[in-house]
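All remarks here apply to the structure that follows.
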Amino acid sequence: MDRGRSVTVQLAIREVGMQPAIARLIMVAGLGLALLVSNCGSSSSSGPPAQSDSQSNTDAVATDVNVNPSDGNGTTDTPVVTPDEGVTKPEDTGSGGLPADFNIPCQVGEQCETGFCIDGAGGRVCTITCLEDCPEGWSCQGVNLDDSDLVFLCVPEIAPLCSSCETDEDCGTGAVDACQELGDEGRFCLRRCGELEPCPAGYMCQDLDGVESKCIPETESCICTSEIVGTKQSCHIQNEHGLCAGFRECVGAGGWGECDALEPAPESCDGIDNNCNGVTDEKDAEGCQVFYEDKDGDSFGDEANSACLCAAEGAFTTDNGADCNDLSPVVKPGGIEFCNGFDDDCDGLVDSEGAAGCTQYYRDSDGDGWGVQTDKKCLCVPEPPYTVMSFGDCDDNSGQVYPGSIEFCNGIDDNCNGFMDEGLGGSACTITAALGTCSGLTECQGALGIVCSATTASTEICDGLDNDCDGVVDEADAEGCSTFFEDKDADGFGNALSSQCLCEATGAFNTNVVGDCNDLNSQVAPDALETCNTMDDDCNGTIDDEGSSGCLTRYRDFDGDGWGDSDDSKCICQPAFPYTATAGGDCNDGSNQVFPGAVEVCNSSDDNCNGLTDEDGASGCVPYFMDADGDGYGVTALTLCLCGEQGDWSATKGGDCDDTTATRSPGEPEVCDDVDNNCNGFADEACDKDSDGYCDVYQEVLGDPASCPKGSGDCNDFDAQIYPAAGEICDGLDNDCDGEIDEGVTSPCGGCGPVCVISAGPSGVNPFDGYFNGTSVTDEGYVELDSSTLQLNMIWVANSGQGTVSKINTLDGREVARYQLCSDPSRTSVDADGNCWVGCRGDGRVGKVILAVENCEDKNGNGVIDTSVDSNDNGVIDGSEMLGSGSDECVQFISQPDGNNTARAVGVDKDNHAWVGMWDTSRLWKLHRDDGSSMQSISIPTKPYGIAIDQTGIIWISGRGNNTLVRVDPNTGSTNSYTPNIGCYSPYGIAIDENGRIWTANYSCWNVAYRFDPVTHEWAAAGTNSHPRGVAADGKGFVYVANDAASQVAKVDINTMTTVAYANLGGGKNPVGVAVDFSDKLWAVNQSSSTASRIDTTNMNVEMEVSTGPNPYTYSDMTGYAQKTIVAPAGTFRQIFEGWEDATTKWLVVELSVNLPGQTSVDVRVRSAEAIEEMEGAFWSPYFGPFPPALLPVNLSEWAEITGRFLEVEVRLHSDTDSNVPILQGIDVIGTSSP
């Protein structure tokens, strides 16, 4: 700038006096003299410098604008910072004191009267300097030149290209005059273009509506711009069935690729969320089955309360809706009906027939008080005609017929006793005919009256009646008679000489069969058995014939030796030669020396007729032993006296104990095979002398003998404690016979002692070589804090629209779990262990979620941890992978310290206790890390929006309720409030840098990030883009600010207070919270797109964009980076110790050698396992300590008995300040062994 321009500005200062504009100029110059704007430039503050507390707030802002002074060297890479309000293009650019070229297109400063060419709505335009006021539609803003000079220029109030909009007014005035649809992405601000109005880089001029051409991105997408080609964004497919979420990739020209979301379809019963409403197989899905509500659990539901479901759910469990009272389990179809005035069996009838407790009623149609026995009903009350309980009526149509009625001669059983007209008649009477007179009695014959029952006399016939009334029934010679013979001896055969014609057998005339030859002897008859008794018993004319009963078998005996021929015999009553012998069996009836029972002699003849010649025991025989195996020894117990050798009966010596094996006999050598080889009565007698189940290593062993059931190889068969596979003990012997002594059983320290001290560290047996997280090994071999090794790789995102929290792996962007906690969560803060505290706006609840599953509690005792898992491994939690509210066992607890009041700020202190700011009551609550119980409450002078805790434990609050920064000392409860003295204040997110300075994002005015020094109380501001919200510090000289309206994240140098770069997230993201992870990556949580973007902080490029739950709204320390590096610098170290290899190791004590300066401390926890590979799944003990104030060593047995071959010790080191560093110098563990 030339001197004349400088003088003009100085005069302007003198004329207007000390107005706010003057204060602005003094603030910029630093000396209160003049605003010096130069083409060459001189070093000055890069942002609004501090002012005294007496100065009032102003609207001044240091804005980075693409300015091109007259020498053309003022261009920077920082875009114009603009507010959200619409603007109006000045009507007259050539009057009213404005240069003629004001708002006229330009390329460089030399083309403008003022020398300043800046970005406008449709391209670069000329502008003017300002003090406070500008033409309508323009605002006075401070601009940083590239040489660090600050100048205030009139800047058009416009919305950037591709800004989201609803109407043209949202896009400002001038060339940006069209809020227009672009594809299916929504409505965006687009600039008109043409030959004289070219598009900026990355945009092209294209006619979209047939009216005029507009500048649109070369990718034809306001969301998929060239800066984010290759990144992914959330997308959805929506139709009448629902909306399904997915991803699409920015492919450059052509915009976004196809959305990979599922096509929404009607929900069906298939285990899939077909319509993507977050519920699988919901009510009324296709293929559903009607289930009825069964409140009383009797398997029958209420027809009026039904739901079409894919499976039974809640009380809707039955497909039978016939229950007529679903509040009583005894009332149901098929239930027992009782006489109680209710329809118990749901058949539509109350106290129906047959109900329990019913009374038997009989039908009484004639009303005579008697019912029909066969027609009855069991009723609760009488129902006509079933009205009587007496039965027996035999005619229910006549009231005169019933039990007990008078009997009349009428052919009717009047008294229902089963007899008609009984008791009537009975007087004697006769009827006389030609063949005789018959007698009878008078009787009632119904309608015929009383008649005589006598018959009329007739010819006698065989019919069982006295037909001729002569007093004799069926006498001899009656018609139809038969001939019967006299059988006096009653043997069934009669005398042919004595017979009568009778109707039936009478007296001795009782048989129709003749042939008895002696009718006085019942034993003599044609069918009698002939017996040896000198009589003709069977009347065949022969006495005692052959075969008679009592006969004796007689054998033919020609040689007279008393033995006959078995093949020639007769059964006769008396002997008759040659049938005289009573015994058969003679094998030679020609010699009286040969017969059964004769003495057998060794003579090659069968003397005793037994079929054998010279058999065992014959006279003159010799003893022979059975020798089946031919070894010359026979079985002592098996001998025969033979006339000579016969087959295996060939040995003359006994004693063989196994005649099937030639190698077993007296004198054979003994081997270990379960066999008595030498036949001395003992098997394997020398094989296992110490009876330990193992055979002597020097004995021959065949197969698997019972004498050595555990095998051979006993190296000391005189000691039962020594054998193969015996437990090796430390005793200087080879207990297990493997050729080695005391192998594997010496203590880890060497020797046979039962107690061992194992050391790790530079002076111990083992160096520190375990797992480092926030720690590292020094040159001396000690362990100290080292933030470069921190390894908490999760970001916790509160999904306000769903009431859930997503746990996302920061290394690969995969969502690993999602938890239901409360209504409208908006704050997540991570403690030193990686666990997450969650604050909720909707119901004032505060919850804590455990990071590692092995640290979660099995609350229902089913042996597993029930928690959210990405079971289908698609990197997104969906469907049933998220458990219902109250079901996830990794949600440690949920508390509600201040009722339903809004929980809007959450931070974690160095002791892992949470501090929660309640918006409605302006109160801080300290909650216990173990159960969420309230520990302390402090009233604060603001409505808290965010919390940051410094290394000293001081709590800093972003007080959005009254636009103040509040300091809270938790030890005294005292508070202090601060507001900036250099500009308007609208605090949002809050963070602390590595120098202990407090940063707040200024949301609704003056788009800056404020820095407050708690020591000097000085304020400084760094310009960013529109609507700063979240803020995070990386501990390496930078803070990051989420610019909501611009969908950008600014990178700010904490010392120079300049924005050095922006990350462009793509249109429509609206980032709210930002956080740094432990890989030095930056994360932005995008509320509008329901995503989170990971940014490379070295170049501010977006590396990936991942899905979250609906409408994420997260501030605070959501990765734990601030807690680990700012609040309470801490780190952990783990070392594994090995105990006894072949004995149970019981771990007793952990001792630490530590150097703990200042207020530093350590705490310890342990876990054990039998194998290294099992350690990862083992559960940790609780933390012991902190030390101090607790005293070392740690006595593990006071907590529980800890056993296992391996013990892992985790030491957590805590620092109070960067200058005090705890040092771990050594770990000693004491263990003992048991068999």
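Of all the residues that make up region 984-1031, how many are outside any strand (DSSP E or B) and of a type in the set (Lys, Arg)?
Taking region 984-1031 and keeping what is outside any strand (DSSP E or B), we get 984-986, 993-997, 1003-1007, 1013-1018, 1024-1027.
Keeping just the survivors that are of a type in the set (Lys, Arg) gives 997.
Adding up the residues that qualify gives 1.
For region 848-856, check the following and say yes or no: at least one residue is assigned to a loop (DSSP other than H, G, I, E, B), in the same structural domain as Ile877 (by TED's automatic domain parsing), closer than 26 Å to Leu883 by Cα and charged (D, E, K, R).
Our first condition is that a residue be assigned to a loop (DSSP other than H, G, I, E, B); within region 848-856, this holds for 850-852, 856.
Remaining after also requiring in the same structural domain as Ile877 (by TED's automatic domain parsing): 850-852, 856.
Cutting the leftovers down to closer than 26 Å to Leu883 by Cα gives us 850-852, 856.
Filter once more, so that each one left must be charged (D, E, K, R): none.
No, region 848-856 contains no residue that is assigned to a loop (DSSP other than H, G, I, E, B), in the same structural domain as Ile877 (by TED's automatic domain parsing), closer than 26 Å to Leu883 by Cα and charged (D, E, K, R).
A quick yes/no check of all residues on (1) modelled with pLDDT under 80; (2) farther than 27 Å from Val1085 by Cα; (3) not assigned by TED's automatic domain parsing to the domain that holds Asn1111:
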site	(1), (2), (3)
Gly194	yes, yes, yes
Pro198	yes, yes, yes
Cys205	no, yes, yes
Gly210	yes, yes, yes
Lys232	yes, no, yes
Gln238	no, no, yes
Gly242	no, no, yes
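Which of the residues that make up region 300-358 are β-branched (Val, Ile, Thr) and surrounded by fewer than 16 Cβ atoms within 10 Å (Cβ to Cβ)? Matches in region 300-358: Val330, Ile336, Val350. Ile741 meets each of the listed conditions (1) in a loop (DSSP other than H, G, I, E, B); (2) closer than 23 Å to Trp1147 by Cβ apart from (2).
Do we find that Arg841 is of a type outside the set (Asp, Glu) and more than 17 Å from Gly886 (Cα to Cα) in this structure?
Working: of a type outside the set (Asp, Glu): yes; more than 17 Å from Gly886 (Cα to Cα): yes.
Here the answer is yes, as Arg841 does meet what is asked.
For residues that are under 30 Å from Asp414 (Cα atoms) and in contact with a strand residue (DSSP E or B) (Cβ under 9 Å, 6 or more places away or on another chain), scanning just region 447-464, find the one that is surrounded by the fewest Cβ atoms within 10 Å (Cβ to Cβ). The extreme case among them is Val451. The residue pairs whose first member lies in region 1190-1202 and is assigned by TED's automatic domain parsing to the domain that holds Thr1144, whose second member is part of a loop (DSSP other than H, G, I, E, B) and surrounded by 11 or more Cβ atoms within 10 Å (Cβ to Cβ), and whose beta carbons are closer than 7 Å, counting only pairs six or more residues apart or on different chains, are Trp1199/Ser1181.
Restricting attention to region 936-964, and to residues there that are part of a strand (DSSP E or B) and among the aliphatic types (A, V, I, L, M), which single residue is surrounded by the fewest Cβ atoms within 10 Å (Cβ to Cβ)? Within region 936-964, the match that is surrounded by the fewest Cβ atoms within 10 Å (Cβ to Cβ) is Ile938. Here is a list of conditions, (1) under 30 Å from Asp489 (Cβ atoms); (2) touching a Leu at 6+ places or on another chain (Cβ under 9 Å), and Phe625 meets all of them except one; can you say which number that is? Going through the list (1) under 30 Å from Asp489 (Cβ atoms); (2) touching a Leu at 6+ places or on another chain (Cβ under 9 Å), Phe625 breaks only (1).
A quick yes/no check of all residues on (1) at negative phi; (2) crowded, with 22+ Cβ neighbours inside 10 Å:
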residue: Asn976; (1), (2): yes, no
residue: Asn981; (1), (2): yes, no
residue: Trp1006; (1), (2): no, yes
residue: Ala1009; (1), (2): yes, yes
residue: Gln1048; (1), (2): yes, yes
residue: Leu1082; (1), (2): yes, yes
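Please determine, by comparing only the residues of region 1169-1210 that are of a type in the set (Gly, Ala, Ser) and assigned to a strand (DSSP E or B), which one is modelled with the lowest pLDDT.
Our first condition is that a residue be of a type in the set (Gly, Ala, Ser); within region 1169-1210, this holds for 1169, 1171, 1177-1178, 1181, 1185, 1190, 1197, 1200, 1204.
Cutting the leftovers down to assigned to a strand (DSSP E or B) gives us 1169, 1185.
Details: Ala1169: 95, Gly1185: 91.
That would be Gly1185.
When region 1127-1143 is examined, which residues are found to be of a type in the set (A, V, I, L, M, F, W, C), within 23 Å of Tyr782 (Cα to Cα) and surrounded by fewer than 24 Cβ atoms within 10 Å (Cβ to Cβ)? Reasoning before the result, please.
Filtering region 1127-1143 for residues of a type in the set (A, V, I, L, M, F, W, C) gives 1127-1128, 1130, 1133, 1136-1137, 1140, 1143.
Now drop any that are not within 23 Å of Tyr782 (Cα to Cα), which leaves 1128, 1130, 1133, 1136-1137.
Ala1128, Ile1136, listed by residue number.
Going through region 386-436 one residue at a time, which ones are crowded, with 17+ Cβ neighbours inside 10 Å, of a type in the set (Val, Ile, Thr) and assigned to a loop (DSSP other than H, G, I, E, B)? Selection gives Val401, Ile412.
Just wondering, is there one or more residues in region 1045-1053 that are within 18 Å of Trp796 (Cα to Cα) and part of a strand (DSSP E or B)?
Within region 1045-1053, not a single residue is within 18 Å of Trp796 (Cα to Cα) and part of a strand (DSSP E or B).
For region 221-241, check the following and say yes or no: at least one residue is in contact (Cβ under 8 Å) with a residue 24 or more places away in the chain and at positive phi. Checked against the condition, which is being in contact (Cβ under 8 Å) with a residue 24 or more places away in the chain and at positive phi, region 221-241 yields no hits at all. Mind checking whether some residue in region 244-266 is buried (at least 18 other Cβ atoms within 10 Å of the Cβ) and either at pLDDT 90 or above or in the same structural domain as Glu881 (by TED's automatic domain parsing) (or both)? Within region 244-266, one or more residues are buried (at least 18 other Cβ atoms within 10 Å of the Cβ) and either at pLDDT 90 or above or in the same structural domain as Glu881 (by TED's automatic domain parsing) (or both). The sole residue among Cys438, Cys444 that is touching a residue at least 24 places away in the same chain (Cβ under 8 Å), within 30 Å of Asp393 (Cβ to Cβ) and touching a strand residue (DSSP E or B) at 6+ places or on another chain (Cβ under 7 Å) is Cys444. Applying the set (1) closer than 30 Å to Lys848 by Cα; (2) outside any loop (DSSP other than H, G, I, E, B) to Cys756 leaves exactly one unmet item: (1). For region 916-935, filtered to residues that are over 34 Å from the mean Cα position of the chain (by Cα) and over 16 Å from Asp843 (Cβ atoms), the residue that is surrounded by the most Cβ atoms within 10 Å (Cβ to Cβ) is Leu924.
Does Asp731 qualify as being surrounded by 14 or more Cβ atoms within 10 Å (Cβ to Cβ) and outside the structural domain of Thr1144 (by TED's automatic domain parsing)? In short, no. Scan region 988-1001 for residues that are buried (at least 20 other Cβ atoms within 10 Å of the Cβ) and over 17 Å from Asp1117 (Cβ atoms) and the total you get is 0.
Of all residues in region 367-383, those being under 23 Å from Phe342 (Cβ atoms) and free of Cβ contacts under 8 Å to residues at least 24 places away in the same chain number 2.
Go through Glu854, Glu889, Glu881 for me and flag whichever is under 13 Å from the mean Cα position of the chain (by Cα) and in contact (Cβ under 8 Å) with a residue 60 or more places away in the chain. It would help to see each step written out before you state the result.
On the way: Glu854 fails: under 13 Å from the mean Cα position of the chain (by Cα); Glu889 fails: in contact (Cβ under 8 Å) with a residue 60 or more places away in the chain.
Step by step, each of Glu854, Glu889, Glu881 is checked, and only Glu881 is under 13 Å from the mean Cα position of the chain (by Cα) and in contact (Cβ under 8 Å) with a residue 60 or more places away in the chain.
Reported count of residues in region 106-120, each being surrounded by 20 or more Cβ atoms within 10 Å (Cβ to Cβ) and modelled with pLDDT under 85, is 4.
Counting residues in region 475-491 that are closer than 30 Å to Phe408 by Cα and either in contact with a His (Cβ under 8 Å, 6 or more places away or on another chain) or not acidic (Asp, Glu) (or both) gives zero. Condition first: at pLDDT 95 or above, closer than 30 Å to Cys244 by Cα, not assigned by TED's automatic domain parsing to the domain that holds Glu185 and not in a loop (DSSP other than H, G, I, E, B). Can you find one or more residues in region 1059-1066 that meet it? Looking for residues that are at pLDDT 95 or above, closer than 30 Å to Cys244 by Cα, not assigned by TED's automatic domain parsing to the domain that holds Glu185 and not in a loop (DSSP other than H, G, I, E, B), one finds at least one in region 1059-1066, hence yes. Within region 808-823, if we keep just the residues that are among the charged types (D, E, K, R) and surrounded by 20 or more Cβ atoms within 10 Å (Cβ to Cβ), the residue that is farthest from the chain's Cα centre (by Cα) turns out to be Glu815.
The values are calculated or read from the model by the stated rules, or taken from the named source; none is laboratory data. Just so we're clear, the structure is a prediction, and the values are computed from it rather than from any experiment. Cβ atoms come from the backbone with ideal geometry, glycine included; neighbour counts cover every protein chain shown.
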